[in-house]
1. Rounded, prolate or oblate: which fits the stretch 239-334 when a ≥ b ≥ c are the square roots of the eigenvalues of the alpha-carbon gyration tensor, with rounded for a/c under 1.5 and prolate only if a/b beats b/c?
2. For the stretch 62-113, what % of the accessible area comes from carbon and sulfur atoms, probe 1.4 Å?
3. What accessible area per residue comes out for the stretch 373-524, rounded to a whole number of Å², with a 1.4 Å probe?
4. Roughly to the nearest percent, how much of the accessible area of the stretch 406-477 is carbon and sulfur, given a 1.4 Å probe?
5. Just to confirm, what accessible area per residue do you get for the stretch 200-339 at 1.4 Å probe, in whole Å²?
6. Placing unit charges on C-beta atoms (Lys and Arg positive, Asp and Glu negative, everything else neutral), compute the dipole magnitude of the stretch 262-411 about its Cα centre in debye, rounded to 20.
7. Full extension from Thr361 to Ser274: what is 0.36 nm times the residue separation minus their Cα-Cα distance, to one decimal in nm?
8. Using the crude model of +1 on Lys and Arg Cβ and -1 on Asp and Glu Cβ, and no other charge, please compute the dipole size for the stretch 326-431 relative to its Cα centre, in debye to 20.
Amino acid sequence: MGSVPPVLLCITLLFIHDTWGQVEFLSLPDTVSIKESSPIGSPVHAFSLINCTSNNPTVTIDSVIPPATYFNTPTQTLTGSVFELQITLSSTATLNAQVVNEYILEITAVCGNETVTNQLFVNILDDIPEPQCEPKFSSQVGDSVEVYSNVPASSNIYTVVLRQPKYRPVTYKITSPSPSPFTISSNGNVKSPAAGFANANLNYQLQIQVTDSVGNTCNGTLNVKVLPVYQNSVNFTSSSFSVTIPENGGPSYLVTTMKATGTNVLYQLIDPSSIYYIEPATGTIRTTFNLDLETNPSLVTTILKVRAYDSTQRSNSATTTVTIIVTDVNDIAPQCSPAIVVKQVSQNAPVGDLIASLSCTDPDYNSTGLTYSITSNANSLYSFRMVGNQLQINNTLNYDSYEMASVNFQYSATVVVTDNGTPKMTTNIPVFVTVTPVNNYDPKCAGPLTYSINENQPFGTVVGQLNATDADYPFNNVEYSITGAQNPTMFYINPRSGQVNLLGPLDYEKQTTYNLRIQVVDLNNDILPDPKNQRTAFCTITINVLDYNDNPPICTPPYYETTIYSTLSTATPVVSLQCSDVDVTNAVLRYSIVGGNTNGRFQMIGSNVMHNPFSFNTAGGVYDPIKYELLVLVTDSTASPQYSTTATVFITVIPWTTTQPTTTTTTPIPQKQTTIVNQTLEYWQPDTWFMVVLTITGALLLGAIGLLTWALCRKYPLCAQGPKDATEPLLQDRSLQNAEPPANQNQQPPPPSKEKKDVAPVSPLSLQFDGRAQDPVTGREYLFNSHTGERRWV
């Protein structure tokens with residue numbers, strides 16, 4: 001490894017307090033250097049704190065860059081008025097200039113209300129000598145190696161290993177003994193003497209020096225022991241041997257192989273055995289049959305005497321003993337009773353309840369203890385436990401689930417009985433526990449409990465669906481019924497499905513809400529259905545009846561009679577109709593005149609019958625009737641369904657004329673006696689079919705009249721006059737005001753008064769048109785002035 005290049009440090013001095021007498025550090029900021037081999041507790045830097053009036057200032061190392069815990073908090077000593085501070089290495093310091101060669105310490109002192117901060121730069125110096133030899137090699141005793149005396153010449157017998165050599169190349173040298181029969185290569189390989197070892201049982205101690213390229217050295221010691229090589233013809237390495245074999249190796253199982261030195265060596269058993277035999281040429285000892293200690297315990301230990309001899313000279317031999325120890329092999333699994341567990345358990349059986357007690361034994365020669373455990377599947381996980389040899393319930397058994405139904409409500413598990421031999425043998429005991437049901441849960445009403453239905457729904461309409469749940473399997477197996485009095489019986493609930501149906505007619509105007517108390521009873525949730533164990537729940541459902549437009553408006557009274565003067569203000573209602581709709585509270589009714597409105601003299605504004613100006617001037621050619629029979633249609637909706645009623649309004653108009661004097665002299669007006677005539681009219685409302693027939697008949701009659709008019713016009717060309725000629729009679733002057741009205745007017749004008757009337761002067765207002773009518777001959781509409789009689793086609 002190369003040396004660390006020098007680092008250029010830029011030091012910035014922070015003068016926090018520049019006023020004489022304030023707290024400050026002496027010898028900070030500063031840069032110091034320490035060796036990476038410095039021991040724990042070595043001083044790093046000493047500095048002072050001056051102008052501190054506190055008896056116990058706080059001096060801390062706020063931060064270390066890069067982060068490290070190698071520096072202790074500064075210790076302080078008061079000398080006069082100066083606090084002497086010292087930073088030392090902590091017990092965790094492991095300095096390494098190859099990793100970090102500088103640390104920056106941020107130091108803060110708090111003295112009363114004053115605070116001062118400064119920095120210390122610590123450089124790490126690389127002072128560990130190189131190279132470093134392995135500790136055992138460089139120790140006082142040194143490292144050791146053993147070689148046989150017949151090792152080949154110049155063979156590698158040892159290699160000197162260094163720890164992180166830094167300055168290469170490295171040279172190796174044997175400094176003692178000098179000269180030395182051993183040599184060492186440039187790679188640190190120690191070689192045996194070139195002439196070999198003349199004698200055995202010799203010991204050599206070599207001193208080796210390792211030097212790097214800059215002159216750093218390390219020294220080590222190598223002890224070399226030369227072992228003799230024996231040349232005995234036939235001999236065993238030991239006078240006795242011991243071997244251990246398992247019992248169940250089978251016939252011809254290899255026990256051991258004997259090895260003796262010499263040439264042409266054969267082997268034999270001195271005491272023949274019916275259990276073992278030896279192969280003469282190889283010395284391999286094998287079994288003659290499978291060993292079983294359970295049937296023949298005496299086979300546990302056998303001592304064989306083995307002879308090795310030279311096949312050419314039997315007297316050249318050696319003997320040894322072989323002790324064969326047969327170990328018991330755990331080859332028989334535990335035997336248990338019962339061999340299978342089948343049981344029924346109630347769903348609410350308590351935790352810890354005993355399911356079965358097992359009786360198990362280990363038939364092996366070396367009988368060991370037994371261990372019981374339980375292996376579960378996904379359904380039975382954590383459901384059972386073993387306490388010794390007892391199988392108990394570990395968790396509440398579940399019956400109410402689809403998963404349990406899919407396995408016929410049966411938990412399956414396996415009790416594993418394991419002995420403590422080698423290898424371990426196990427016996428599996430299948431466990432089948434069938435859970436019987438118990439009715440544990442009350443039904444619960446689920447889903448919406450409020451329903452709505454229109455009042456016009458027919459018999460059998462589905463009002464809603466009540467969904468009750470029951471956590472007992474089979475799930476939601478419940479029966480519904482309506483409890484309490486229903487008078488009259490308006491609804492029916494399906495006992496199995498919970499569907500609520502309509503039985504009787506609803507009337508929103510009579511009752512808007514029905515509250516039904518529903519009884520829910522669970523069914524067949526026990527192993528033996530028992531009505532005593534049934535569970536019941538009650539819930540109340542609310543059925544809101546929705547209003548439906550099925551009633552026409554009602555007017556009170558159904559017809560009106562009134563008499564008005566023709567001079568009644570047009571802003572004053574003639575009649576106000578009092579109508580209502582029982583279907584909707586505060587209903588917005590619509591009124592329209594559908595009949596009897598001759599010359600359009602009336603209009604509806606809300607429920608008020610209003611009138612337009614009347615025309616009773618005989619000179620004008622248009623004369624309004626005095627009696628009106630108005631048919632007012634009252635509707636309750638603009639959308640379907642729509643219901644309506646017709647109110648009849650009988651109005652009698654009394655013509656009344658007001659005049660103005662033409663001169664300043666008052667003209668006496670004779671007194672008139674007003675006569676009010678009351679007439680009772682019979683109102684007839686035909687059936688619907690009659691109105692249809694009458695409409696069709698009227699349409700045919702109008703068609704016939706039209707054809708007749710067309711034929712007459714073709715015969716008499718006078719009918720074919722143009723529009724200009726038709727309008728000319730209407731553009732008449734005041735000299736034509738006394739012309740007779742059309743012959744088909746509904747009412748004849750009253751006979752002219754014999755009294756002489758003063759004619760009021762014509763005002764500009766008299767030139768306005770204040771009426772509208774329809775010509776009975778041509779069917780065209782025209783405007784007229786009731787004062788002047790002037791008319792104009794529309």
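The values are calculated or read from the model by the stated rules, or taken from the named source; none is laboratory data. Please read all numbers here as calculations on a predicted model, not as lab measurements. No Cβ is skipped: glycine too gets one built from the backbone with ideal geometry, and neighbour counts run over all protein chains shown. Ligands, DNA and RNA are stripped out before the accessible areas are found, and what is left, the full protein with its side chains, is counted by its heavy atoms. Shrake-Rupley method; radii C 1.70, N 1.55, O 1.52, S 1.80 Å.
1. Values: a/c = 2.84, a/b = 2.56, b/c = 1.11.
Prolate.
2. Details: 1430 of 2650 Å².
Roughly 54 percent of what the probe reaches on the stretch 62-113 is carbon or sulfur.
3. Working: 7490 Å² over 152 residues.
Accessible area per residue, the stretch 373-524: 49 Å².
4. Values: 1760 of 3310 Å².
Its accessible area is 53 percent carbon and sulfur atoms.
5. Working: 7110 Å² over 140 residues.
I get 51 Å² per residue for this part.
6. Values: 6 positive and 12 negative charges, 70 e Å.
That gives a dipole near 340 debye.
7. Working: separation 87, 0.36 × 87 = 31.32 nm, distance 3.28 nm.
28.0 nm is the gain from fully extending Thr361 to Ser274.
8. Details: 3 positive and 8 negative charges, 45 e Å.
Dipole size: approximately 220 debye.
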